[in-house]
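The structure appears right after this line, and notes come after that.
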Amino acid sequence: MPFAAAGNVKLYYEDTGRGTPIVFVHEFADDYRGWEPQVRYFCRRYRCITFNARGYPPSDVPKSESKYSQAIATGDIAAVMRHLKIRKAHIVGCSMGGNATLEFGLRYARMALSLTALGVGSGSDRDKRAQSLRDNGTMAQRLLDLGMCEATKPYVIGPSRVQFQNKDPRGWRKFTARFAEHSALGSANTLRGVQMRRPTVYSLEAKLRSLKVPLHVISGDEDNRSLEPGIFIKRVCPSAVLSVVAAAGHAVNLEEPALFNAIVNEFITLVDSGRWKLRDPRSLVKSALSNKR
C-alpha cells in the first residue's frame, strides 16, 4: 500500500491518471472511496490524488486527540503533495475536507492552482453553532460507547443526508456502509480535535478578502448549515464564485455526481486556460445606476 508521511503519521493515498494534479479531500463521514465518481471522470485528463485523512484506516489512527486539528488536517494535504513531488494542484474538498481546502488556500496559496470547497462552513452560523457543537460532542461519545455501526445510524438520515437517501438509495447504502467501516477512535478524535475546534468561516473574513487563489464554493440549497456560510464567502472573497445546486443536501458529489463533475470541470478549465478573473469591483457598488461607491 502507498503511504505518505505527515510527521510520524502515515497517510494512505491513491494516484490515478496523468496531467495537471487534482487532490481530493474527503468529508468526515466518508473516505477516499467516496471520490470514485470524480476520479473516474477526471483521470481521463488529470492526475487524480485521493487520500485518507489521519484517523481513517488504512491511514494511521493516532490515539491522542492532540494529534488532530484543523491546522494539522490542512498540513496533511501539503504533506501528501510534497511526498508525491507535486508543486501545485487543484484542491477539491467536501465538508470537513472543504474546510481544510479553504484553509489550504489561505496557508499554502503558492501550492494551490484553485480551490473547490463543497459544503463548507457547517457550524459557523451563530444561531446554529451551539447546536452543532453539542451534536459533535454527542456523536463523538456515541462512537466510543456504541461503535461505528450503531452510532452512525441517526447521522446518515440527518436533515442534509435524506436528500441522498431519497434520490439514490443504492448509493446511499454504499455510503453508509463505508462510514460504518471507519475507526470509532479516529472519528471521535476528528470530531473533538478538528470539527469542534476549527474557526468559523466568519472569523476568516479578513483573510478571505485578500485571497487571490481561484475559489469555487458549492452548496446544496437544502444544506442548511453550509448554505449561508457559502453565500458569505462569495460576498467577501474577490476570487470566489458560488454554485448552489437545487434540491440537494450536503454531499453534492455523491448526490449529483454528473452535475458536480460538470461544474467543477468548467471551473478548473477556466483556471487552466487563464480565463479566471477576480470579481469586477464595479459589481460591488450599492447603486444599480452608478459605478460610484
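With the structure loaded, tell me whether Gly17 is touching a residue at least 60 places away in the same chain (Cβ under 8 Å) and within 30 Å of Asp168 (Cα to Cα) or whether it fails that test.
Against the criterion (touching a residue at least 60 places away in the same chain (Cβ under 8 Å) and within 30 Å of Asp168 (Cα to Cα)), Gly17 does not qualify.
Can you pull out every residue in segment 4-18 that is under 20 Å from Gly93 (Cβ atoms) and out of contact with any Leu (no Cβ under 7 Å at 6 or more places or on another chain)?
Ala6, Val9, Leu11, Tyr12, Tyr13, Glu14, Thr16, Gly17
Restrict the check to segment 58-66 and report whether at least one residue is touching a residue at least 60 places away in the same chain (Cβ under 8 Å), over 27 Å from Pro257 (Cα atoms), touching a Lys or Arg at 6+ places or on another chain (Cβ under 9 Å) and not charged (D, E, K, R).
yes
Looking at Glu222, Glu255, Glu205 in this structure, which one is in contact with a strand residue (DSSP E or B) (Cβ under 8 Å, 6 or more places away or on another chain) and more than 19 Å from Leu113 (Cα to Cα)?
One residue alone meets the criteria, Glu255.
Any idea which residue in segment 181-222 is surrounded by the fewest Cβ atoms within 10 Å (Cβ to Cβ), counting only those that are touching a Pro at 6+ places or on another chain (Cβ under 9 Å), within 22 Å of Asn253 (Cα to Cα) and among the charged types (D, E, K, R)?
Here the residue is Glu181.
All of the numbers you see were taken from the coordinates with simple rules; none came from a lab. Predicted model only: the values in this text are computed from it and were never measured. Methodologically, a virtual Cβ is constructed for each residue, glycine included, from the backbone with ideal geometry; neighbour enumeration extends over all protein chains shown.
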